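The values are calculated or read from the model by the stated rules, or taken from the named source; none is laboratory data. These numbers come from a predicted model, not from an experiment. Cβ placement follows ideal geometry from the backbone for every residue including glycine, while neighbour counts extend to all protein chains displayed.
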Amino acid sequence: MAGGGNADFRSLEQTPTWAVAIVCLGFVLISILIEKAIHFLSRWLKKRQKKSLGKALEKIKEELMLLGFISLLLTVGQKPISEICISEGLGDSFLPCSKEEVSAESVSDKIEKLALLGHHRKLLFLASEIPLRRTLARDETEDGHCAKKGKVPLISQDGLHQLHIFIFVLAVFHVLSCIVIMTLGWAKMKKWKAWEEETKTLDYQYSTDVSRFRYTRETTFGRRHMSFWSKTPILTWIVCFLRQFVLSMSKVDYLTLRHGFILAHFAPHSNFDFQRYIKRSLRDDFSDVVSISPPLWFFAILFLLLKRNGWFTFFWLSFIPLIILLIVGTKLQVIITKMALDIQDTNPVVRGAPVVNPNDQLFWFKRPRLILHLIHFSLFQSAFQLAFFFWAWYEYGLESCFHKQIANIVVRVSLG
């Protein structure tokens, strides 16, 4: 090659100053634009008095700062970490892909590249080029720090670079998935606005008039939740499990929960907008789930540890978020049913609308926020699955050892 050396590995002393200046200018401008956009959005949320969304934005800024520190540490520690040596036996343990698969992929990549080049003597060139490539790779390894000791690096510099990219992709996918899920939640609650407006009509005022006495079982809420199946725990869980697929929140459940909340905190027949309160609560929860807490980072490390060849870890791990969400959805339906049964036990005859009594005793371990933590974990796990898939696709292609079977890919992506 003209000029000597490999042009793909030129140092800054061999790079034009205008190229360095242009690249630096691009990074600086992009960073300034992102910083100004976040600052403008923060001021806009503060002006609109969106405190919960402002808190969520602060959590996102904290994540960006954490990613910056991780990026800095990976960049600075790239060479020292790559010089940590381990034995070859230890380096060959818990491999995500077998050596035979990696070697086959390397040869197939070479054949594909030669086919695209249309070389007339591609087979002969391949036979001579592959040993040459192995010789060069072996020479580079033998000249390395660990090869001189008869060992292998803990993580190579290329591996650290790929890990760097994966951490960034994971954080981006987690934030985007939380935004999408919360947006869908707000869209779903729009139809509750019509139910909220209905509470201002004369028909609703008449149905909740305290001068009307009815048996609890004869109310719409009672007929929905008080039946033969509600007396057996197993049947209760089965019915509640199936209900979440049909209608996660029915109109009668919404109106009953609204009525009980208002009676507990305000005067009867108050004009309190319960739907707006639910939306505000969802924004508060969004500020919690949008962040990646330390336990979630440890779970991500555990998932990477379990990605061992032959274990199919990521396949069965992809079912965990779905199972968690189905259990949580069933539990919430069971809680509403238990509140209905409590009304019947304490007061068989109601005046106006049934009055539910939500309390911490109805939740697992008497901790309502455990439900939120489980949802947070399931969102992160789904984002992890999607991030790992697209990262592996970007780094190694769809035909790599990470994507051995099409059915596996379809299941993981669809569940995510």
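Could you grab me the full set of residues in region 368-412 that are modelled with pLDDT of 75 or more, of a type in the set (Ser, Thr, Tyr) and either within 20 Å of Asp158 (Cβ to Cβ) or touching a strand residue (DSSP E or B) at 6+ places or on another chain (Cβ under 7 Å) (or both)?
Tyr394, Tyr396
Mind checking which residues of region 226-263 are crowded, with 17+ Cβ neighbours inside 10 Å and of a type in the set (D, E, K, R)?
Arg243, Asp253, Arg258
Within region 46-68, can you find the residues that are over 21 Å from the mean Cα position of the chain (by Cα), more than 17 Å from Asp288 (Cα to Cα) and either of a type in the set (A, V, I, L, M, F, W, C) or in a helix (DSSP H, G or I) (or both)?
Lys46, Lys47
For region 229-260, enumerate the residues that are part of a helix (DSSP H, G or I), hydrophobic (A, V, I, L, M, F, W, C) and closer than 23 Å to Arg217 by Cβ.
Of everything in region 229-260, those that are part of a helix (DSSP H, G or I), hydrophobic (A, V, I, L, M, F, W, C) and closer than 23 Å to Arg217 by Cβ turn out to be Trp229, Ile234, Leu235, Trp237, Ile238, Val239, Cys240, Leu242, Val246, Val252, Leu255, Leu257.
Quick one: count up the residues across region 40-55 that are surrounded by 13 or more Cβ atoms within 10 Å (Cβ to Cβ), of a type in the set (Lys, Arg) and over 14 Å from Ser281 (Cα atoms).
1
Which number in (1) over 30 Å from Thr216 (Cα atoms); (2) of a type outside the set (Gly, Ala, Ser); (3) not in a helix (DSSP H, G or I) marks the one condition that Phe390 misses?
Failing condition for Phe390: (3).
For the structure I just gave you, tell me whether Glu196 is part of a helix (DSSP H, G or I), modelled with pLDDT of 85 or more and more than 30 Å from Leu296 (Cα to Cα).
So Glu196 fits the description; yes.
Do we have any residue at all in region 356-371 that's within 30 Å of Cys97 (Cα to Cα) and part of a helix (DSSP H, G or I)?
Scanning region 356-371 turns up no residue that is within 30 Å of Cys97 (Cα to Cα) and part of a helix (DSSP H, G or I).
Quick one: in region 264-295, which of the residues that are crowded, with 18+ Cβ neighbours inside 10 Å and closer than 29 Å to Thr216 by Cβ is nearest to the chain's Cα centre (by Cα)?
Ile278
So the check is Cβ under 8 Å with 6+ separation or different chains; which pairs have a first residue in region 362-390 that's free of Cβ contacts under 8 Å to residues at least 12 places away in the same chain and a second one that's not charged (D, E, K, R)?
Leu370/Phe363; Leu370/Trp364
Does region 218-225 contain any residue that is touching an Asp or Glu at 6+ places or on another chain (Cβ under 8 Å), within 25 Å of Ile327 (Cβ to Cβ) and modelled with pLDDT of 85 or more? Let's see the steps before the verdict.
First, the residues of region 218-225 that are touching an Asp or Glu at 6+ places or on another chain (Cβ under 8 Å): 221, 224.
Next, from what is left, pick out any that are within 25 Å of Ile327 (Cβ to Cβ): 221, 224.
Restricting the remaining residues to those that are modelled with pLDDT of 85 or more gives 224.
Checked against the condition, which is being touching an Asp or Glu at 6+ places or on another chain (Cβ under 8 Å), within 25 Å of Ile327 (Cβ to Cβ) and modelled with pLDDT of 85 or more, region 218-225 yields at least one hit.
Could you say whether any residue in region 199-219 is within 41 Å of the chain's Cα centre (by Cα), in contact (Cβ under 8 Å) with a residue 12 or more places away in the chain and exposed (fewer than 15 other Cβ atoms within 10 Å of the Cβ)?
Yes: one or more hits.
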